[in-house]
Amino acid sequence: MEINKNYINQFFNVNIYMDYKNKYLKYKKKYTDLKNRSNQTGGVKIIVNRDDSSQRISIKDRFISTNIELLVNQIPIEILENRKELGEFFFDFYSEPNIKDLNNNDFKIIDIIFKKITRVATQEELDFLDNILGVTAKPVAEAVVEVAEVAETEKVNDEPIMHYTYINPIPDSMRVPDLNILFSLFFSIDDQTFNDLNYIAYFFNTRELITKRLSFLKSYGIPNPINIFNKEKKMTVDTFIEINKIYPSFETIFIKDLKIDYSKSDGHKNTGIIILDKPYFYKELDFFTLKTMDIFKIFKHYKFILDCNNMNIDTDYGNYKLHFVTVPLKIIYSLKDSNFIVGYIMEIVEGYTVKEIKIKFIEYWTKNSEIIKTALHTLVEKLTEKQFLIVDFNDDNVMWNIETNTLTYIDISQRSFIRQDEVHENASVHRAIEVL
């Protein structure tokens with residue numbers, strides 16, 4: 001196909017607004033070269049730094065990234081030189097492809113692809129994309145027939161992942177004994193949208209659902225939708241297996257209407273006290289609808305809580321002690337405003353935040369600030385040894401027990417465990433401690 005490069009240049013001269021470039025200029029100083037992953041399932045970033053600006057594309061959704069890969073692979077190589085490497089990269093978040101520097105047009109093309117997939121592209125942008133893809137639209141009914149025919153002649157991975165049990169009525173609360181029941185619970189609560197979800201075909205492999213998913217892939221002009229279906233199915237199966245390995249270690253609880261005491265939440269509505277077998281401090285981790293449910297994120301939720309549970313820095317240094325807040329292997333699902341809420345719990349730590357001590361116990365702080373600062377410096381060293389990134393250090397993220405001289409770290413982020421390449425940034429915390 002002959003590509004009119006003048007057309008591309010004219011299009012971009014008119015459409016000079018570029019979401020990613022403008023949005024991520026603030027990262028100019030932080031990133032000095034091309035980096036290509038965020039070291040976590042379900043997240044990818046591409047960063048380019050130039051003399052005059054930096055651009056960044058950040059995607060944290062497996063569905064979006066997979067479909068970006070599909071369309072990127074269709075761009076003619078004379079338009080997108082990196083298309084093969086980029087396509088593989090978007091699909092496999094762990095790969096380290098040799099991606100050459102992207103130019104403005106590369107970013108703009110990927111941006112339009114992103115807009116198409118997320119259904120915010122203008123008609124002009126869609127027409128432009130169709131032009132460089134050489135796409136001639138076909139009626140949906142015709143595409144469905146074609147896909148159905150292909151599905152009969154090629155091998156589709158139709159092995160079911162899980163056993164589905166319709167749960168009715170939905171209980172007010174329940175302990176969820178296995179992963180099959182958990183997903184059955186999700187689908188039972190939101191069964192009105194069950195047949196509208198293309199990706200459900202990876203869980204429940206009926207002919208109808210497989211045909212819908214293949215038709216969806218085909219509508220993007222993919223020459224071999226079954227190949228992509230099988231790729232996505234394998235990733236889904238592999239992730240399901242990984243969750244199943246650690247699931248028995250957890251107590252997974254569903255509470256339809258979670259009662260939270262916000263009296264000690266300092267105005268925050270995603271944290272508070274809840275009562276299970278005893279009071280715990282509860283923190284919201286994530287939320288999703290059935291349509292946006294991501295099995296890769298669900299795996300990350302369980303892995304995060306497991307990492308917290310395994311973080312042990314408890315040490316007695318004689319005149320002070322260190323402690324990492326206890327995070328039980330419990331995960332709590334609840335409902336709020338048509339969303340599934342994912343939460344975890346922590347022990348209720350005795351003592352006061354360092355911020356509270358500085359304000360409410362001025363005399364105590366004056367006498368004991370040096371020992372508290374020494375404990376804080378040791379805390380930073382211990383967490384750094386554990387490859388734990390301190391994401392947001394401030395004096396209300398650590399607690400001090402006046403009775404036992406115990407310093408407890410209470411602020412945890414998923415990024416703390418997965419961004420080991422940024423752990424060197426913990427050094428800046430030492431400077432922050434000195435000015436407390």
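Read the figures in this text as sums done on the coordinates, not as results from a lab. Fair warning: this is a prediction, and the values are worked out from it, not measured in the lab. Glycine also receives a Cβ, built like all others from the backbone with ideal geometry; neighbour counts cover every protein chain displayed.
Of note:
- Look at Trp400, Trp365 and count the other Cβ atoms within 10 Å of each Cβ; fewest to most, that gives Trp365, Trp400.
- Percent of beta bridges antiparallel (DSSP, region 318-436, rounded to nearest 5): 75
- Sequence of Arg419, Arg175, Arg207, Arg213 once ranked by neighbouring C-beta atoms within 10 Å, starting from the fewest: Arg175, Arg207, Arg419, Arg213
- One decimal place: the segment Tyr262-Thr165 gains 31.4 nm when fully extended, by the rule 0.36 nm per residue minus the C-alpha distance.
- Fewest-first ranking of Lys382, Lys108, using other Cβ atoms within 10 Å as the exposure measure: Lys382, Lys108
- Taking amide H positions as modeled 1.01 Å from N, with prolines and chain starts lacking one, the residues under 5 Å from Glu251 and 5 or more places away or on another chain are Lys330, Ile331.
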